[in-house]
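Step one of this worksheet: look at the structure below.
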Amino acid sequence: MRPRAVALASVSALILAVAGTLGAAPHANPPLPDRMADTGDGTQLITAEAARTSSTTGTVTWWDRSGGRWAKTGASAARFGAKGLTEGGSRKQGTNTTPTGLFRLPYAFGIKPAPPGTDYSYRRVAKNSWWCQDNDSRSYNRWTQPRPADCRAAESEHLITYDPQYAHALVIGFNYDRPVRGRGAGIFLHVNGRGATAGCVSVPEDAMRRILAWADEARRPHMAIGTQSGATAITRY
């Protein structure tokens with residue numbers, strides 16, 4: 001090839017390369033946490049995402065933030081409420097819906113001992129451990145041990161009877177800090193039962209054990225629950 005032709009070919013290649021660089025969209029597919037309105041104030045995050053509000057299945061993913069970037073650490077198939085998902089702020093108790101929103105994770109608990117490597121406050125379930133869901137009780141939406149007189153057994157969960165679901169679990173801080181009566185109580189991330197949940201999020205036991213071994217309370221993990229799009233899109237929280 002003649003020198004002039006070589007020079008022209010080199011210039012053309014440089015122009016194409018620059019054009020390609022300019023035309024490429026930076027961060028064309030950022031990780032889910034980077035597309036969310038809020039991820040809490042920590043450096044760990046669990047997301048639970050469903051296709052739509054009528055879905056009873058979806059995906060739970062856990063993420064770590066380091067050097068200003070979020071990276072996926074693990075993922076698992078997940079189950080949601082038998083009646084799907086609904087906006088957490090307007091949820092009604094007893095509707096078998098999973099509340100959407102961004103929540104803190106107060107502590108973990110389980111019928112079984114904490115998985116090896118667990119670095120999270122963990123309460124062992126005993127024979128007299130209950131979760132009070134009685135709207136008329138002063139202990140509404142709280143672990144009680146034993147069950148107080150003003151908390152009716154018929155309106156509460158006797159935790160030890162939920163096996164395998166509560167073999168291991170994380171309390172999701174929905175309606176927890178300032179409970180609103182009638183909105184819902186006892187929303188957890190727990191081990192799968194036979195099918196969809198009554199409003200919790202569940203994963204296989206192996207995934208639950210991996211999540212507990214991963215979660216670092218000092219890194220203030222939060223959990224976001226939502227759909228892929230629409231008014232309850234996980235990116236809105």
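When Lys and Arg each count +1 and Asp and Glu each count -1, what net charge do the other residues less than 10 Å away from residue 186, Cβ to Cβ, add up to?
0
Mind checking the angle between helix 205-214 and the chain's longest principal axis? C-alpha axes, 0 to 90 degrees, to the nearest 10.
The angle comes out at about 70 degrees.
Dividing the alpha-carbon Rg of segment 40-172 by 2.2 N^0.38 Å yields what?
Ratio of Rg to 2.2 N^0.38 Å for segment 40-172: 1.16.
Excluding residues on the same chain fewer than 8 positions from residue 92, give the lysines whose Cα lies under 30 Å from its Cα.
List returned: 83, 127.
For labels at residue 59 and residue 87 in the simple 7 Å Cα→Cβ model, what's the distance in nm?
Distance between the two pseudo-spin positions: 2.7 nm.
Evaluate the charge dipole of segment 139-191 about its Cα centre and quote only its size in Debye, nearest 20, assuming +1 on the Cβ of each Lys and Arg and -1 on the Cβ of each Asp and Glu.
200
Taking the dipole about the Cα centre of segment 114-232, with the C-beta of Lys and Arg at +1 and of Asp and Glu at -1, give me whichever of 144, 221, 202 is farthest to the positive side.
144
Going from the alpha-carbon gyration tensor of the chain, what semi-axes, largest first and in whole Å, does one get by taking the root of 5 times each eigenvalue?
46, 19, 14
Could you give the angle, 0 to 90 degrees to the nearest 10, between helix 3-23's Cα long axis and the longest principal axis of the Cα atoms of the chain?
For 3-23 against the chain, the angle is about 20 degrees.
Taking all protein chains together and a probe of 1.4 Å, list 162, 140, 122 from the most accessible to the least accessible.
Order by accessible area, largest first: 162, 122, 140.
With a ≥ b ≥ c the root eigenvalues of the C-alpha gyration tensor of segment 117-237, is it rounded (a/c under 1.5), prolate (a/b larger than b/c) or oblate?
Since a/c reaches 1.5 but b/c is at least a/b, the shape of segment 117-237 is classed as oblate.
What does the charge count near residue 150 come to, summing +1 for each Lys or Arg and -1 for each Asp or Glu among other residues with Cβ under 15 Å from its Cβ?
With Lys, Arg at +1 and Asp, Glu at -1, the neighbours total +2.
Enter the accessible area per residue of the chain (Å², integer; probe 1.4 Å; all protein chains in place). Please list the in-between numbers first.
Details: 11840 Å² over 237 residues.
Averaged over the residues of the chain, the accessible area is 50 Å².
Ignoring ligands, DNA and RNA, please state the percent of accessible area on the chain from carbon and sulfur, probe 1.4 Å.
Here carbon and sulfur together make up 51 percent of the probe-accessible area.
Only bridges with both residues in the chain count here: give the DSSP antiparallel percent, nearest 5.
65
Would you tally the net charge around residue 44, using a Cβ to Cβ cut-off of less than 14 Å, leaving residue 44 out, and scoring K and R as +1, D and E as -1?
Every neighbour counted, the sum reads +2.
What relative contact order, as a whole-number percentage, does the chain give when Cα pairs under 8 Å and 6 or more residues apart are counted?
26
With only Lys, Arg, Asp and Glu charged, each at its Cβ (+1 for the first two, -1 for the last two), find how big the charge dipole of segment 93-237 is about the Cα centre; round to the nearest 20 debye.
Numbers: 18 positive and 12 negative charges, 35 e Å.
Result for segment 93-237 is approximately 160 debye, rounded to the nearest 20.
The values are calculated or read from the model by the stated rules, or taken from the named source; none is laboratory data. This structure is a prediction, so every number in the text was calculated from the model and none was measured. FYI the Cβ positions are ideal-geometry reconstructions off the backbone, even for glycines, and counts take in every protein chain you see. Ligands, DNA and RNA are stripped out before the accessible areas are found, and what is left, the full protein with its side chains, is counted by its heavy atoms. Shrake-Rupley method; radii C 1.70, N 1.55, O 1.52, S 1.80 Å.
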